[in-house]
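The structure appears right after this line, and notes come after that.
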Amino acid sequence: MDKGFRYKLTGILISFTLILSLIIIVADYLKLKKSVKESLETQIQLAEDEIITSLSTIDKVYNVLDVERAESMKEFSEELVKQYERNPNFSTWDYKALKEQSGMDVFIINSDNVVIESSYEADIGLDFKSCCKNFGKLLDKRRESGLFTHDDLDIQQLSGEFKKFSYMPTPDKKYIIELSYFLEDKLVFKEFNFLDTMHRLEKENDSILSINVYNALGILLGDWDSEKEREINSSRKEVFTEAFTEFQIKELSVEENGQILTYRYIPYKNDKEDGISTNRVVEIAYYDLPFANVLTSYRNQFIFQMIAITLVTIILSIILARMISRPIHLAFHDVLTGLKNRAAFEDTAVEWLNRKKGTLQFMIIDLDNFKLVNDSLGHGEGDKLLVRVATIINKESGEGHLAARIGGDEFVVLFSNITTEKVVERADNMLQVMRESFSYLRDNEINLSISIGVAKAEEEDTIHSLYHKADLALYQSKKKGKDQYSIYSPNEK
């Protein structure tokens, strides 16, 4: 194995560890600062995980268990479509009677995505294109599909009540008949109510001031009976919007009553992307703790860690270099000859071809009568000869080449930025040196030589087509009596 490779690897690892040590000096300060907050951060993280899990659970439960309600909404929607076909004038419909009949509110949404009629009068005039563009686009898709669809858990825009909504386009696709079903008094909602989880977490954690869940518009989900703001405060709206649109956790810290109050916004995405509030943002407001006094006690730790880590990592680098350099080397090289193996050769060759690295010439070299060496002198002598052949090929190939052993007694060389005349010159040199090196074998009646096939890479050639061309040229060398080279010609078959 090339010692230079191991030295390079050792140098890289040591350089890395020295840089790492310098980074740790800075990182340690941040780590110590973080350690003071660790207990608080753990509490916040646990609260975050629990509320996200609670949201995910109730979404999945409604998706799986609320099939019966979805079916009844579909049946009533179909009845309303038939009523529309009989009487398309929505202004004459008795929405109060329809609500009493079905137990659901009815909404009529026109092609501009505006609620024009409803049993829930507060929503009449609500313009989804203005208030919620993404939902407006979703309504357009639903209208065009002509199919019944339903959401799992959503909120009433103006009341904040949790409801289930369904949507049925009219046959002429001019309107959408929307139904809403109140969920908060249902057993499933009470059993998996994430609001209860929020209230419990607020009570259990002294550092947590509040936990809220907002929809895409910044409207509070639930808790409308509490003293909480029903919409996200304008001073925090920008950070909230960034968390929602970029789908990344964002934080905003403000000073309040001499303490640092941090608002953390965690975006939540439902697997089923429907409705206004299926994508939400969880807001956790918590107090920071002072950390300056604690940092003073760790002042000397920086120097100690720097020295210890530097020494340990340098030692480990040297050990690791010794351990892994050989396996890494063997992964790309032939064990016996030290040349590239076939896989490593082809990877580099493909790269050269793709980069159009000048004029490329491809050479295949095959030993003639090598089997006689193994049969007469043994495999040990055969291995020695293969090593000698590899050395000669590497030396006589000159600069700008890539050599490899691809089989038992088969070698390849890829030349870059070289003319055919130069390749022929190097092939002649190889043949001459090989004859001189193998001459002693004639005493054992073994006429060992090499045959060479050469092919020039054209614009359309791949590594496989080069193999094929060079193989054809090699066949010609064998056919003409071995111990010679042949240049590929398109006429060869």
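Descriptive notes on the structure:
- Whole-Hz couplings from phi, Karplus 6.51/-1.76/1.60, listed for the range 41-46; x for Gly and Pro: 4, 4, 4, 5, 5, 5
- Net charge, Tyr467 excluded, C-beta distance under 12 Å - Lys, Arg +1, Asp, Glu -1: -2
- Fully extended contour minus Cα-Cα distance, from Ser416 to Lys384, at 0.36 nm per residue: 8.6 nm
- On full extension, the segment bounded by Asn233 and Asp172 gains 17.8 nm, given 0.36 nm per residue less the C-alpha separation.
- Positive minus negative residues near Gln101 (Lys, Arg vs Asp, Glu; Cβ under 15 Å): -3
- The aspartates and glutamates whose alpha-carbon is closer than 13 Å to the alpha-carbon of Lys74, local same-chain residues fewer than 8 away aside, are Asp66, Asp151, Glu178.
- Sequence-distant aspartates and glutamates (8 or more away, or on other chains) whose Cα lies within less than 15 Å of Lys174: Glu85, Asp112, Glu117, Asp140, Glu144
- Above-threshold pairs, the threshold being 26 Å between Cα atoms, out of Lys456/Lys479; Lys96/Lys269; Lys340/Lys395: Lys96/Lys269
- If R0 is taken as 51 Å, the Cβ-Cβ distance between Glu75 and Thr245 corresponds to a FRET efficiency of 0.85.
- Straight Cα distances below 19 angstrom link Lys384 to the aspartates and glutamates Asp2, Asp334, Asp366, Asp368, Asp375, Glu396, Asp409, Glu410, Glu436, Asp443, Glu445, with same-chain residues fewer than 8 positions distant left out.
- Separation in nanometres of the label points that stand 7 Å from Cα toward Cβ, at Asn374 and Leu316: 4.5
- Karplus-derived 3J(HN,Hα) values for the range 254-264, using 6.51 cos²θ - 1.76 cosθ + 1.60 with θ = phi - 60°, are 9, 8, 9, 6, x, 10, 8, 9, 10, 9, 10 Hz; glycine and proline are entered as x.
- Modelled label positions at Glu459 and Phe332, each set 7 Å beyond Cα in the direction of Cβ, lie 3.2 nm from each other.
- Summing Lys and Arg as +1 and Asp and Glu as -1 over all other residues whose Cβ lies under 13 Å from the Cβ of Gly125 gives a net charge of -4.
- Between the C-alpha center of the range 429-472 and that of the range 80-97 there is a gap of 89 Å.
Every number here is computed from the coordinates shown, using simple stated rules; none is lab data. Just so we're clear, the structure is a prediction, and the values are computed from it rather than from any experiment. In this analysis, Cβ positions are derived from the backbone assuming ideal geometry, glycine residues included, and neighbour counts consider all displayed protein chains.
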